[in-house]
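The values are calculated or read from the model by the stated rules, or taken from the named source; none is laboratory data. Just so it is clear, the structure is predicted and the values come from calculations on it, not from any experiment. Note that we place each Cβ from the backbone using ideal geometry, even for glycine, and neighbour counts take in every protein chain shown. What goes into the accessible areas is simple: the full protein's heavy atoms, side chains included, and nothing from ligands, DNA or RNA. Shrake-Rupley method; radii C 1.70, N 1.55, O 1.52, S 1.80 Å.
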Amino acid sequence: MMLYQRSSALFADAQKVIPGGVNSPVRAFKAVGGTPIFVKEAKGAYLFDEDGNRLIDYINSWGPMILGHAYEPVVNAVIERAKKGTSFGMPTEIETQIAELAVSMVPNIDMIRFVNSGTEACMSAVRLARGFTGKDKIIKFAGCYHGHSDSFLIQAGSGAVTFGSPNSPGVTKGTAKDTLLAEYNNIENVIHLIEANKGEIACIIIEPVAGNMGCIPPNKSFLQNLRNLCDANNILLVFDEVMTGFRLAPGGAQELLGVDADIITFGKVIGGGLPVGAFGARQEIMNHLAPLGPVYQAGTLSGNPLAMSAGLAMLNELNNNKDIFKSIAEKTAYLHKGIQEALKKHGVVHTINRIGSMISVHFSPDDVIDFTTAATGDNDTFKKFFHGMLNNGIYIAPSAFETWFITDALSYDDLDTTIAVVNKIAPELV
Ligand SMILES: *Cc1c(COP(=O)(O)O)cnc(C)c1O
């Protein structure tokens, strides 16, 4: 049993000056109970908290630290860059360097614009899609999260689901009416929406592999069917690859699954742990963006040199050693097998979803293929699982609606340790 006296004291202080003591809701442990852990530092696969515990980390800053914490080439790039000034609000060469590299790695983008978060990337991508097509409505899928901008807070996954407030107060009815909702993996649903809103839909935005209702891979042919529907109806297909980009393959889900999108959004890995988002498309679409075209989008700190240096160092590592993608997928498969055997042995009802280096454990007897089935997971069992893991030094996301993010810094010893913990706590889960 680990003690969290110092974290508790720090959390009490934080709550006095920061709403809920956190700057992003899921961090608050509301879904699992208990006190959030304050981090002191991290290295490789491990977190070191303020109470002196070492934890094996399966969140990795919610995705960015795909090569582990404090990864030296990234850290060194940031340090060297910081010495030369941290922001200018003027063009720098490094922005072109990371743009060239990203465009060379990702299919179907000729140009890319850098912003400061995944939220900004998705918000801007939809504005661009509307400006390009001259249409207002968008289709999103229940349980998919595209950041916290107004249009997307309609049955968003992740934190919004965790707190049972899928439609946030503050989002106007006017905004909500332009967001149409479909069920993930349900093509009939999408066909129906397109029929009912003929000529009005600018884009379909989707996580090509859902990661914000746990991990839910698309059904075979679902994405290709979306592609065909978009082509037939003059609708743009937007892949939100904030989570899957530079994670599932060098070219993201488009490459792994072999389906082409029109606009692709990025975040997480592309910033190497600094606040970066981006969106890209073919020339014809990007030409509509200011200052080339009329669709406005801007940012004082966009393309910030520190952030670009971290992102460039990260993408260079991934581009120069593509075996990393195979390595993390193999580690994830190993973990899957070990956890599954442990839970089975003790008769714990569960379903595990996995693709590449994304994996999630659902305490549900049925297949988890969409938001409705994801919501059938037993949250009491998840709470016990979360705290059991934590008490034994394993840190997973404090919500059943999150994917685990596997880092290449994890050794097979770390994975065996994790599996042994699942074996140890499994009897308490039935
Ligand atoms: C994390 C995430 C976002 C939002 O990115 P932020 O950087 O948190 O704003 C958007 N889309 C997906 C798929 C994400 O996983």
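For GLN283, the conditions (1) touching a residue at least 24 places away in the same chain (Cβ under 8 Å); (2) out of contact with any helix residue (DSSP H, G or I) (no Cβ under 8 Å at 6 or more places or on another chain); (3) in the same structural domain as ASP240 (by TED's automatic domain parsing); (4) more than 24 Å from ALA253 (Cβ to Cβ) are fulfilled apart from (4).
Could you tell me whether GLY33 is in contact with a Lys or Arg (Cβ under 9 Å, 6 or more places away or on another chain) and away from the ligand (no atom under 16 Å from the Cβ)? Walk me through it before giving the result.
Values: in contact with a Lys or Arg (Cβ under 9 Å, 6 or more places away or on another chain): yes; away from the ligand (no atom under 16 Å from the Cβ): yes.
Yes: the conditions hold for GLY33.
Name the residues in the stretch 401-430 that are of a type outside the set (Gly, Ala, Ser), in a loop (DSSP other than H, G, I, E, B) and over 19 Å from LYS344 (Cβ atoms), would you?
Residues of the stretch 401-430 that are of a type outside the set (Gly, Ala, Ser), as a first pass: 401-408, 410, 412-419, 421-425, 427-430.
Checking the rest, the ones that are also in a loop (DSSP other than H, G, I, E, B) come to 401-403, 406-408, 410, 430.
Selection gives PHE401, GLU402, THR403, ILE406, THR407, ASP408, LEU410.
Where residues in the stretch 339-368 are part of a helix (DSSP H, G or I) and open to solvent by less than 10 Å² (accessible area, probe 1.4 Å), which of them is nearest to PRO107 (Cα to Cα)?
Filtering the stretch 339-368 for residues part of a helix (DSSP H, G or I) gives 339-345.
From what is left, the residues that are open to solvent by less than 10 Å² (accessible area, probe 1.4 Å) are 339, 342-343.
Values: ILE339: 34, ALA342: 39, LEU343: 39 Å.
Among those that are part of a helix (DSSP H, G or I) and open to solvent by less than 10 Å² (accessible area, probe 1.4 Å), it is ILE339.
Screening TRP62 on (1) open to solvent by 40 Å² or more (accessible area, probe 1.4 Å); (2) more than 23 Å from THR417 (Cα to Cα) shows it passes everything except condition (2). Taking the stretch 241-252, which residues are closer than 19 Å to ARG282 by Cα and open to solvent by less than 10 Å² (accessible area, probe 1.4 Å)? Listed by number, the residues that qualify are GLU241, GLY245, PHE246, GLY251, GLY252. State whether the residues of the stretch 229-236 include one that is in contact (Cβ under 8 Å) with a residue 60 or more places away in the chain and under 26 Å from ILE328 (Cβ atoms). Taking every residue of the stretch 229-236 in turn, none turns out to be in contact (Cβ under 8 Å) with a residue 60 or more places away in the chain and under 26 Å from ILE328 (Cβ atoms). Does GLY258 qualify as being of a type in the set (Gly, Ala, Ser), within 16 Å of the ligand (Cβ to nearest atom) and not assigned by TED's automatic domain parsing to the domain that holds ILE369? Against the criterion (of a type in the set (Gly, Ala, Ser), within 16 Å of the ligand (Cβ to nearest atom) and not assigned by TED's automatic domain parsing to the domain that holds ILE369), GLY258 does not qualify. Does ASN234 meet the test of being more than 16 Å from the ligand (Cβ to nearest atom), within 21 Å of the chain's Cα centre (by Cα) and modelled with pLDDT of 95 or more? Against the criterion (more than 16 Å from the ligand (Cβ to nearest atom), within 21 Å of the chain's Cα centre (by Cα) and modelled with pLDDT of 95 or more), ASN234 does not qualify. When restricted to residues that are aliphatic (A, V, I, L, M), more than 21 Å from ALA249 (Cβ to Cβ) and either at pLDDT 95 or above or within 9 Å of the ligand (Cβ to nearest atom) (or both), the stretch 112-161 contains 7. Within the stretch 265-320, if we keep just the residues that are among the β-branched types (Val, Ile, Thr) and away from the ligand (no atom under 15 Å from the Cβ), the residue that is surrounded by the fewest Cβ atoms within 10 Å (Cβ to Cβ) turns out to be THR300.
Restricting attention to the stretch 82-118, the residues that are open to solvent by less than 30 Å² (accessible area, probe 1.4 Å), farther than 24 Å from TYR296 by Cα and part of a helix (DSSP H, G or I) add up to 2.
Residues in the stretch 371-416 that are farther than 24 Å from GLY34 by Cα, touching a residue at least 40 places away in the same chain (Cβ under 8 Å) and not small (Gly, Ala, Ser): PHE371, THR372, ILE406, THR407, ASP408, LEU410, TYR412, ASP414, LEU415, ASP416.
From the list THR351, THR376, THR418, the lone residue that is modelled with pLDDT under 95 and over 19 Å from the mean Cα position of the chain (by Cα) is THR376. Picking from residues in the stretch 191-235 that are among the polar types (S, T, N, Q) and over 29 Å from GLY63 (Cα atoms), the one that is most open to solvent (accessible area, probe 1.4 Å) is ASN234.
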